1. Give region 259-272 a look and list any residue that's among the small types (Gly, Ala, Ser) and at pLDDT 95 or above, or say none.
2. Being more than 20 Å from Trp88 (Cβ to Cβ) and of a type in the set (A, V, I, L, M, F, W, C) is true for just one of Phe248, Phe269, Phe254, Phe281. Which residue is that?
3. For residues in region 145-199 being within 21 Å of the chain's Cα centre (by Cα) and among the acidic types (Asp, Glu), which is modelled with the lowest pLDDT?
4. Failed condition for Ser375, given (1) buried (at least 17 other Cβ atoms within 10 Å of the Cβ); (2) modelled with pLDDT of 95 or more, with all others met?
5. Taking region 108-134 only, how many residues are farther than 14 Å from Ser321 by Cα, surrounded by 15 or more Cβ atoms within 10 Å (Cβ to Cβ) and either in contact with an Asp or Glu (Cβ under 8 Å, 6 or more places away or on another chain) or not acidic (Asp, Glu) (or both)?
6. For Ser282, only one of the following conditions fails: (1) free of Cβ contacts under 8 Å to residues at least 40 places away in the same chain; (2) closer than 29 Å to Gln345 by Cα. What is its number?
7. Given the options Ser245, Ser240, name the one that is surrounded by fewer than 24 Cβ atoms within 10 Å (Cβ to Cβ) and either β-branched (Val, Ile, Thr) or assigned to a loop (DSSP other than H, G, I, E, B) (or both).
8. Going by what's in this entry, would Gln146 be described as more than 26 Å from Thr227 (Cα to Cα) and part of a helix (DSSP H, G or I)?
Amino acid sequence: MGKMAAVLGSAVTLAAEPGEDAFRKLFRFYRQSRPGTADLGAVIDFSAAHTARGAGPGAHKVVRTQLNVSSVSEHDAHRAGLQPVSKWQAYGLEGYPGFIFIPNPFLPGYQWHWVKQCLKLYPQKPNVCSLDKHMTKEETQDLWEQSKEFLRCKDMNKRRPRSLLEKLRWVTLGYHYNWDSKKYSADDYTPFPSDLAFLSEQVAAACGFQGFQAEAGILNYYRLDSTLGIHVDRSELDHSKPLLSFSFGQSAIFLLGGLKREEAPTAMFMHSGDIMVMSGFSRLLNHAVPRVLPNPKGESLPRCLERPLPALLPRDTVVESCSVEDWQVCASYLKTARVNMTVRQVLAKDQVFPLESMEEKRRETTTDSSCHLYSNSTQVKRARLNLDS
């Protein structure tokens, strides 16, 4: 108890010191944290039983959230690989209206489909990825085929060069996000994956957002040394719709702050299968990922990923089967990585993109692009962690 109080005290002291903003101080604190020690004692774990009982560090902030059970049928939930909404546990945080956290509502084994899609299907052309800046379209045509043998042999040769999938940092879907102009454009669009759209619509409906349209997705691929800088997702033209976040693979720490960086953030764990919804007041809050946490058992998968996808799937499901060979590649990748999908509605109903001048377009196409998901293995200075999307 003494060590826990000391950690909580140090976090509060860091946030209260003058000078550098409170968010960045805590970002650095958790980035340098040591798993298995008291450093993580103040991080909220929504999946832990004590959270639901109102005990544990930070749990005084945790409140139960009611979902719209009747908005999603059990059949449609099953089609997306989800448990019936009546079985989901949903939480919010005092001081963060519109924030909803749903610990892993996926049916056993069904995360396999979404992991495989993130690694095998979604990075394929014509979708845009972080490697396009440095490679030709032909070279990034099928990252899965170019990487699968490397990943299958990963354990046998740990000194081998990293595969292209391991070098991948982000993929954009639907309306593609321009990292330089921080805008979406009607000129840059590829069909949004129908399975991911259906999953997102069910989750949004369960959270009270009927009619949500999945129009843009950003997939972030994290290594154990990756971080995602402090930012606000404000580029969508319609902020009345929620931002949906899906996590798979190794756990991470997520920081949710306020409208200004002077406000100290709340830290929470994101585990495989967890879903976060940011809406209303919480839609435009600062947030970041300072730390991906290695599995305490070494290079192994979270327990929820050990059970395979059922061999027999519902006839009209959006989930596809996953072969043993494909999962072998996915599992090898996820032993030291995590994947996060964020899905957004960009436009309100009947809204269109504003016209841009030719000069604005010229500036956007000539600006040097950069990726804001940072890893120690890249040569970008760690000071460049800031992202305002």
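The values are calculated or read from the model by the stated rules, or taken from the named source; none is laboratory data. Computed from a predicted model, the values in this text were never measured in an experiment. Here the Cβ is made from the backbone with ideal geometry for all residues, glycine too, and neighbour counts use every protein chain on show.
1. Kept after step one, since they are among the small types (Gly, Ala, Ser), are these residues of region 259-272: 264, 267, 272.
Ala267, Ser272 - these are the residues of region 259-272 that are among the small types (Gly, Ala, Ser) and at pLDDT 95 or above.
2. On the way: Phe248 fails: more than 20 Å from Trp88 (Cβ to Cβ); Phe269 fails: more than 20 Å from Trp88 (Cβ to Cβ); Phe254 fails: more than 20 Å from Trp88 (Cβ to Cβ).
So the residue among Phe248, Phe269, Phe254, Phe281 that is more than 20 Å from Trp88 (Cβ to Cβ) and of a type in the set (A, V, I, L, M, F, W, C) is Phe281.
3. Step by step, filter region 145-199, then rank; the result is Asp180.
4. In the conditions (1) buried (at least 17 other Cβ atoms within 10 Å of the Cβ); (2) modelled with pLDDT of 95 or more, Ser375 misses (2) alone.
5. From region 108-134, those farther than 14 Å from Ser321 by Cα are 118-119, 122-134; that's our starting set.
Next, only the ones that are surrounded by 15 or more Cβ atoms within 10 Å (Cβ to Cβ) stay: 118-119, 122-124, 127-132.
Among the residues that remain, those that are also either in contact with an Asp or Glu (Cβ under 8 Å, 6 or more places away or on another chain) or not acidic (Asp, Glu) (or both) are: 118-119, 122-124, 127-131.
The number of residues fulfilling the criteria is 10.
6. Every condition holds for Ser282 apart from (1).
7. Checking each option against the conditions leaves just Ser240.
8. Numbers: more than 26 Å from Thr227 (Cα to Cα): no; part of a helix (DSSP H, G or I): yes.
So Gln146 does not fit the description; no.
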